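Here the structure is laid out as structure tokens; the discussion comes afterwards.
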């Protein structure tokens, strides 16, 4: 069923409804990195191994989750604090509108609380400390690709151009609107938006061996997760209802509810962009969000979703993957593997 939620269209192929409500904050969380902007910190990226694993063909004849190389993936969704660092580095002029005014809570109820001050050429950005370690939202697919390029280029400071945001993992060179649908990951990528298979494997794959298979939910479980932040036993996630529209939560807020590889919030919190293309008009999203009613359906391995790549909303964010080790990359090149597989939605 296709649904319209707020100003952004997300087609949720397993169905959902939108609910809204109040804010809830707790103090518990997964181990955090000492420096959120040090992307070599092991508490930011986790390794996904078992290269060459079989795909999960339970819901699609071609299957999902098969990745022929070892890679690293963000332990958490990209946070508002990390995105603020990015904005201050490259968006003093903000040529390609990396800042969405809806990120400011004065303009949008469930914004990630990034505020811009100053004028063109001298913009400055700050984030409320209570939201710095929550996921960034109101980001488009293009914004996410430019953030990945910035990481690829070593987090430089300067105007938005080929050495900062417009080349790297993706050759964007000013691409906006539907031109983003023609953008592919480059062979020499270092950081990127997740492919759908990379995202899927990190979320659901149980592990190697003769009994290797996939979980139904990204909390290492075949049972639907609950929504209890105070339950440290595991298998919980941030989705409606509990209470309805509880707002985004801190990265890793739901303890012991990580995926088999140690990622958090691949179910709930915010939908996450991936590289898949649907119907030549949309990019893929996975995982559900805090604002989707019956959110356990959106978290299921069977649920594929998509949205226009220029859109941004309170329930849309992303996470990144990091380049495989050199030996794995060489095998990848020899195998002629496609990093981005395009499939139509069902």
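The values are calculated or read from the model by the stated rules, or taken from the named source; none is laboratory data. Note that this is a predicted model, so its numbers are computed, not measured. Please note: Cβ atoms are built from the backbone with ideal geometry, for glycine as well, and neighbour counts cover all protein chains shown.
Being modelled with pLDDT under 90 and within 30 Å of residue 178 (Cβ to Cβ) is the filter here; which residues of the range 237-257 pass it?
Answer for the range 237-257, where residues must be modelled with pLDDT under 90 and within 30 Å of residue 178 (Cβ to Cβ): there is none.
Anything in the range 258-277 that is assigned to a strand (DSSP E or B) and modelled with pLDDT under 95? List them, or say none. Spell out how you get there, then give the answer.
Initially, the range 258-277 is screened for residues assigned to a strand (DSSP E or B), giving 268, 271-277.
Within the range 258-277, 268 is the sole residue that qualifies.
Anything in the range 176-189 that is part of a helix (DSSP H, G or I) and on the phi < 0 side of the Ramachandran plot? List them, or say none. Outline the logic, then answer.
Looking only at the range 176-189, we keep the residues that are part of a helix (DSSP H, G or I), and these are 177-182.
Matches in the range 176-189: 178, 179, 180, 181, 182.
Counting only residues that are out of contact with any helix residue (DSSP H, G or I) (no Cβ under 7 Å at 6 or more places or on another chain) and not in a loop (DSSP other than H, G, I, E, B), how many does the range 278-304 have?
So the count comes out to 9.
Can you find, within the range 2-15, the residue that is modelled with the lowest pLDDT among those that are at negative phi and part of a loop (DSSP other than H, G, I, E, B)? Before you say what the answer is, go through the steps one by one.
Step one: list which residues in the range 2-15 are at negative phi, which gives 2-5, 7-14.
Then drop every residue that is not part of a loop (DSSP other than H, G, I, E, B), which leaves 7, 13-14.
On the way: 7: 36, 13: 56, 14: 55.
Filtering first and then ranking leaves 7.
Do you know which of the residues in the range 278-299 that are over 21 Å from residue 192 (Cα atoms), crowded, with 21+ Cβ neighbours inside 10 Å and at pLDDT 90 or above is nearest to the chain's Cα centre (by Cα)?
Filtering first and then ranking leaves 289.
With in contact with a helix residue (DSSP H, G or I) (Cβ under 7 Å, 6 or more places away or on another chain) and not in a loop (DSSP other than H, G, I, E, B) as the only criterion, which of 203, 224, 192 stands out? Don't jump to the end; show me each part of the working.
On the way: 203 fails: in contact with a helix residue (DSSP H, G or I) (Cβ under 7 Å, 6 or more places away or on another chain); 224 fails: not in a loop (DSSP other than H, G, I, E, B).
Unique residue meeting the criteria: 192.
For every residue, the table says whether it meets (1) in contact with a strand residue (DSSP E or B) (Cβ under 7 Å, 6 or more places away or on another chain); (2) surrounded by 14 or more Cβ atoms within 10 Å (Cβ to Cβ).
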residue: 129; (1), (2): no, no
residue: 132; (1), (2): yes, yes
residue: 136; (1), (2): yes, yes
residue: 157; (1), (2): no, no
residue: 170; (1), (2): yes, yes
residue: 186; (1), (2): yes, yes
residue: 189; (1), (2): no, yes
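Which of (1) within 18 Å of the chain's Cα centre (by Cα); (2) part of a loop (DSSP other than H, G, I, E, B); (3) modelled with pLDDT of 95 or more does residue 43 not meet, given it meets every other one?
Just one mismatch for residue 43, condition (3).
Quick one: is residue 62 modelled with pLDDT of 85 or more and touching a helix residue (DSSP H, G or I) at 6+ places or on another chain (Cβ under 8 Å)? Outline the logic, then answer.
On the way: modelled with pLDDT of 85 or more: yes; touching a helix residue (DSSP H, G or I) at 6+ places or on another chain (Cβ under 8 Å): no.
No: the conditions fail for residue 62.
State all residues of the range 108-132 that are closer than 21 Å to residue 249 by Cβ and assigned to a loop (DSSP other than H, G, I, E, B); if no residue qualifies, say none.
Within the range 108-132, 108, 109, 110, 111, 112, 113, 128, 129, 130, 131, 132 qualify.
Output the residues belonging to the range 147-170 that are assigned to a helix (DSSP H, G or I) and touching a helix residue (DSSP H, G or I) at 6+ places or on another chain (Cβ under 8 Å).
From the range 147-170, those assigned to a helix (DSSP H, G or I) are 147-152; that's our starting set.
Passing the criteria: 147, 150.
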